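Worksheet: the structure to be examined is printed underneath.
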Amino acid sequence: MLIWKTAGSLVALLALSGCTLFPQMSRPSAQFYGPVPLATKTPADDALFCLSQSPEVKRLNAVFAVHTVSDQTNKITQEEGGVVPRDAAGMLVTALQMAGVAQVNRSNTVVSEWELARAREQVLGDGGSVTVGNQTVDFRPITPGSLRGSDYVIDGAITQLDFNTYSGGAEATIAGIGGGARVYALTTAADLRVTETQSTRIVRAGTYSKQAVGTEVFASVFRFFDNSLYDVRIGDRSQEGLHAGIRWLMAEAAYDIVSSIAHHDASCDTFLPEATQELRAEETTRRMTIAATAR
């Protein structure tokens, strides 16, 4: 009873003095800004830029289109939804842009199709009169051949997501209290194909994989749930972003596709990570050995 009387007296005192518990009609607090935005980069970006400056790509008279790169892994968690991007086509479009090739949009044509329909109805305008031949009209005309067709279309899917767990580091338990570290790897792969648009002939098909390695520090309990491979309740975890790895994967694929179509001399390979160069050299040597044996 004394507590209620004291609280009531405090409220009455504040009311009489004109004070309130929360400020009213005050200036807003300054907004907090975190790190500045920056252009996303991958370790293959320098090689893509080198490719865009090469004479082979500059002479390339071809237009590319990206359709879809869908998620076919069907790996879903209750906490985060899909583990990999539902459609990585946007990442591939960005990488092709870095490589310096011409592109047409075939991933999302909703607005273009809507405007074409309104142009056929002669209700779509551009803010003024348009002269076509010897005729002037107040609507946007549909000119035959105004839409650029593609020469190559790229599509595919993210087809693999494997969770490979293996022990690493050290583990110890003293008086029932434990601690340690474990290492795990996630391997994802995408299958991509390049189709010649007019003939529908597949001119290139390949698979690209990326391994994301992470470690997790824990105490007493370490468990996995679903396929997430970490327990968010305890410890600290350090994991290379899986989506960032897929972006890098798409950049590598774009580099190979454009290099192949443009018949590039591979001089830009020197801008790829050193480990990538070593793996490519080993693969080339292995194939040459197999080819020589097969003759």
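The values are calculated or read from the model by the stated rules, or taken from the named source; none is laboratory data. Treat the numbers as computed from the prediction; the structure is a model and nothing was measured. Glycine also receives a Cβ, built like all others from the backbone with ideal geometry; neighbour counts cover every protein chain displayed. Just so you know, the surface numbers come from the protein's heavy atoms only, side chains and all, with ligands and any DNA or RNA stripped out. Shrake-Rupley method; radii C 1.70, N 1.55, O 1.52, S 1.80 Å.
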Amide proton proximity set for residue 203, modelled H, under 5 Å, gap of 5+: 194, 195, 196
Residue order for 247, 86, 201 - accessible surface, 1.4 angstrom probe, largest first: 86, 201, 247
Separation in nanometres of the label points that stand 7 Å from Cα toward Cβ, at residue 33 and residue 285: 5.2
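Just order 268-276, 32-40, 190-198, 113-121 by mean Cβ neighbour count inside 10 Å, highest at the front, would you?
Put in order of decreasing packing, that is 190-198, 268-276, 113-121, 32-40.
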By accessible area with a 1.4 Å probe, ligands and nucleic acids excluded, highest first: order of 69, 111: 111, 69
Nonlocal amide H pairs with residue 160, under 5 Å, H built at 1.01 Å: 189
Table column - 3J(HN,Hα) (Hz), region 109-120, Karplus curve with 6.51, -1.76, 1.60, x for Gly and Pro: 10, 4, 5, 4, 5, 5, 5, 4, 5, 5, 5, 4
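Magnitude of the Cβ-charge dipole of region 26-149, K/R +1 and D/E -1, about the Cα centre, nearest 20 debye?
Computed about the Cα centre, the dipole is about 200 debye.
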With all protein chains modelled, accessible area of residue 67 [1.4 Å, Å²]: 90
